[in-house]
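The values are calculated or read from the model by the stated rules, or taken from the named source; none is laboratory data. Quick caveat, the model's predicted, so the values are computed rather than measured. A quick note on method: Cβ atoms are made from the backbone with ideal geometry, for glycine too, and the neighbour counts reach across all protein chains shown. Accessible surface areas use protein heavy atoms only, side chains included; no ligands, DNA or RNA. Shrake-Rupley method; radii C 1.70, N 1.55, O 1.52, S 1.80 Å.
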Amino acid sequence: MPSNSLYDKDMAQDPVVTYRLKIATQPNNPALHNNLGNLYVLRGWMDEAIAEYRKAIKLSPDSYVVWNNLGTTYLKMGRTAQAMDAFKKAVDINPRYALAWYNIGVIKDDAHDYDGAIDSYLKAISLEPDLLKPEVNPQIVNNRHLMVVRLRRYLEEEGNLGLPLEAMPE
């Protein structure tokens with residue numbers, strides 16, 4: 001079959017095709033499977049994304065990033081229990097992984113476990129203060145518990161909220 005150069009050019013520019021070709025030559029590379037899963041999520045192909053994340057986990061079971069991506073995908077699909085399991089697995093592997101703690105907070109928040117949500121958000125932000133920045137974590141703009149989280153963080157870091165003292169001119 002003759003090659004259609006326009007078709008070949010379009011195929012080469014498609015990142016999904018690029019990752020599939022890379023995986024064909026490096027099938028045991030968990031990062032490639034993870035990244036292809038991310039591309040599938042962006043296209044709304046959730047089942048395909050889950051399959052790629054599962055392949056990455058099989059190759060690298062301690063990859064907390066992949067567990068978090070799997071959880072995020074489950075959450076987008078409304079599969080909350082599976083999402084929570086994946087996020088918990090991520091923090092079991094790496095207790096300092098802030099993004100998974102934040103995502104646990106999102107699930108607790110949606111379940112009306114506000115104290116649990118605030119605890120999870122606080123843990124996440126204590127580990128990674130940049131999660132307070134919308135350019136890093138766009139979800140933060142809709143977080144109705146942000147003020148409570150910031151106050152609790154202040155209390156934990158700065159001590160109690162005693163009455164302010166004022167200096168006098170000398």
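Conditions (1) modelled with pLDDT of 95 or more; (2) in contact with a Gly (Cβ under 9 Å, 6 or more places away or on another chain), marked per residue:
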position: 13; (1), (2): no, no
position: 23; (1), (2): yes, no
position: 29; (1), (2): yes, no
position: 33; (1), (2): yes, no
position: 53; (1), (2): yes, yes
position: 60; (1), (2): yes, no
position: 64; (1), (2): yes, no
position: 71; (1), (2): yes, no
position: 77; (1), (2): yes, no
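Residue 22 versus (1) out of contact with any helix residue (DSSP H, G or I) (no Cβ under 6 Å at 6 or more places or on another chain); (2) surrounded by fewer than 17 Cβ atoms within 10 Å (Cβ to Cβ); (3) of a type outside the set (Gly, Ala, Ser): which is the lone unmet condition?
Going through the list (1) out of contact with any helix residue (DSSP H, G or I) (no Cβ under 6 Å at 6 or more places or on another chain); (2) surrounded by fewer than 17 Cβ atoms within 10 Å (Cβ to Cβ); (3) of a type outside the set (Gly, Ala, Ser), residue 22 breaks only (1).
Looking only at segment 99-125, which residues are modelled with pLDDT under 95, aromatic (Phe, Trp, Tyr) and open to solvent by 30 Å² or more (accessible area, probe 1.4 Å)?
Within segment 99-125, just 114 meets the criteria.
Has segment 157-168 got any residue that is in a helix (DSSP H, G or I), open to solvent by 100 Å² or more (accessible area, probe 1.4 Å) and modelled with pLDDT under 85?
Yes: one or more hits.
Residue 83 fails exactly one of the following numbered conditions: (1) touching a Lys or Arg at 6+ places or on another chain (Cβ under 9 Å); (2) open to solvent by 10 Å² or more (accessible area, probe 1.4 Å); (3) within 29 Å of residue 61 (Cα to Cα). What is the number of that condition?
Only one criterion in (1) touching a Lys or Arg at 6+ places or on another chain (Cβ under 9 Å); (2) open to solvent by 10 Å² or more (accessible area, probe 1.4 Å); (3) within 29 Å of residue 61 (Cα to Cα) is unmet by residue 83, namely (2).
Whether any residue in segment 93-107 is over 23 Å from residue 65 (Cβ atoms) and of a type in the set (S, T, N, Q) is what I want to check.
No, there is no match, as no residue in segment 93-107 is over 23 Å from residue 65 (Cβ atoms) and of a type in the set (S, T, N, Q).
Is it the case that residue 113 is without any contact (Cβ under 8 Å) to a residue 12 or more places away in the chain and charged (D, E, K, R)?
yes
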